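The next block holds one structure in the form of structure tokens; read it before the comments.
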Amino acid sequence: MKQFLLSLSLLAAATAVQADAVDALRDFARDVKTGKAGFTQTVTSPDGKRKKVSSGTFEFERPNRFRFAYAKPFEQVIVADGAKVWIYDADLNQASSRKLADALGATPAALLAGTNLERDFTLKALTSEGGLDWVQAVPKQAESTIQSLKLGFREKGLAAMEIVDGFGQRSRLDFSAVQANVPLAAERFQFKLPAGADLIEQ
């Protein structure tokens, strides 16, 4: 009987932790209006044999403004200004843009910087792993190119994101030095086409 009660109490504790992870995501979406962090992104091929690692910084301001600045191994900037999403490749000196509504949808960026969490995603608590409490966010849009998406929290703070695309390629972003509700200059979310750069509008 004691063993049964112990099992029940452990199960209840695990369920509470998982529920806390969903609450942590909801709190993040509701309470964190701006943020910045460093990140390391590891992209793994579907067969698990090839990996690419990149790093940079991430900033956002709700609603729908964000900036991913990749520094290594090559420079690339992705900026959303609330109306459009811009991608600039420094090596090619080429930029592309598309309307935010077409680009954002049920994407990882929508989870981090959007305002319609429950409208765009179905949330489900997952088992804690690697010291993180994980939440799965399943896109409600049938045409989404994402197979699965989950966010990891440590003590209710955002720590990681993992995405599996429709081809089985896995991308994991580990965040560091996360700062919430910090003042960010408006120009961080404005894109100016560098001199001589080509622009492709989609």
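So the values come out like this:
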{"quantity": "Most mobile listed residue (ALA24, ALA159, ALA101) in the chain, GNM with C-alpha springs under 10 Å", "calculated": "ALA101"}
{"quantity": "Karplus-derived HN-Hα couplings along the stretch 61-69 (A = 6.51, B = -1.76, C = 1.60, θ = phi - 60°), whole Hz, x at Gly and Pro", "calculated": "9, 6, x, 6, 10, 8, 8, 9, 10"}
{"quantity": "Over the chain: Rg over Rh, Cα atoms, Kirkwood Rh", "calculated": "1.02"}
{"quantity": "Tilt relative to the chain, helix 2-31 - C-alpha long axis, 0 to 90 degrees, to 10", "calculated": "20 degrees"}
{"quantity": "Phi-based couplings in Hz for the stretch 182-199 (Karplus 6.51, -1.76, 1.60; Gly and Pro marked x)", "calculated": "9, x, 10, 5, 4, 5, 5, 10, 10, 10, 10, 5, x, 4, x, 7, 7, 10"}
{"quantity": "For the chain: lysine pairs under 15 Å (alpha-carbon distance), excluding those fewer than 8 apart on one chain", "calculated": "7"}
{"quantity": "Contact order relative to length of the stretch 2-201, as percent, for alpha carbon pairs under 8 angstrom and 6 or more apart", "calculated": "24 percent"}
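We did not get these values from a lab; they are worked out from the coordinates using the rules stated. As the structure is a computational prediction, the values presented were derived from the model and not from experiment.
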